[in-house]
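FYI, it's all coordinate maths here, none of it is from the lab. Treat the numbers as computed from the prediction; the structure is a model and nothing was measured. Methodologically, a virtual Cβ is constructed for each residue, glycine included, from the backbone with ideal geometry; neighbour enumeration extends over all protein chains shown.
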Amino acid sequence: MNLKKTLVLFLLILSNFSFAATDAWHEAEIKTIYPLADGNFIIIFKVDSANCPATNNGKYHYVSDGAFGMTKEGVKNALSVALSAAAMGKTLKINFDTSNVKCSVNRMQINF
């Protein structure tokens, strides 16, 4: 009887891990930066990410307060980094959540 309870508990714990966010990196030149009215913004790259869910077609990467660990201050910093990359014609490397359709961005970098 204890073996069955242990197995059920193990399966319940294991099933919770499938809902955890998974991340991926994508690097490309920026095609569009689309600011939203709430202070968040969307990045669209010239080359789509293969890791973004199929329902998003790999095109839209949301940078949003409260999504995938992003804060309001982080959104402002990310916008500055994204605009800098676009203005200089550099590629932007982002880390984003592959488990949601918005492909929420967590961090980004520009290499000089």
In Å and on Cα atoms, what radius of gyration and Dmax does region 24-109 show? 11.4, 31
Mean separation of Cα contacts under 8 Å (6+ apart) over length of region 24-109, as relative contact order %: 34
Estimated vicinal HN-Hα couplings, Hz - region 61-78 in sequence order (Karplus 6.51, -1.76, 1.60; Gly, Pro = x): 10, 8, 10, 9, 4, x, 9, 6, x, 6, 10, 4, 5, x, 4, 4, 5, 5
For a quick protection proxy, order the peptides 66-79, 89-102 by their average other-Cβ count within 10 Å, most packed first. 89-102, 66-79
Estimated dipole of region 24-109 in Debye, rounded to 20 [Cβ of Lys and Arg +1, of Asp and Glu -1, Cα centre]: 140
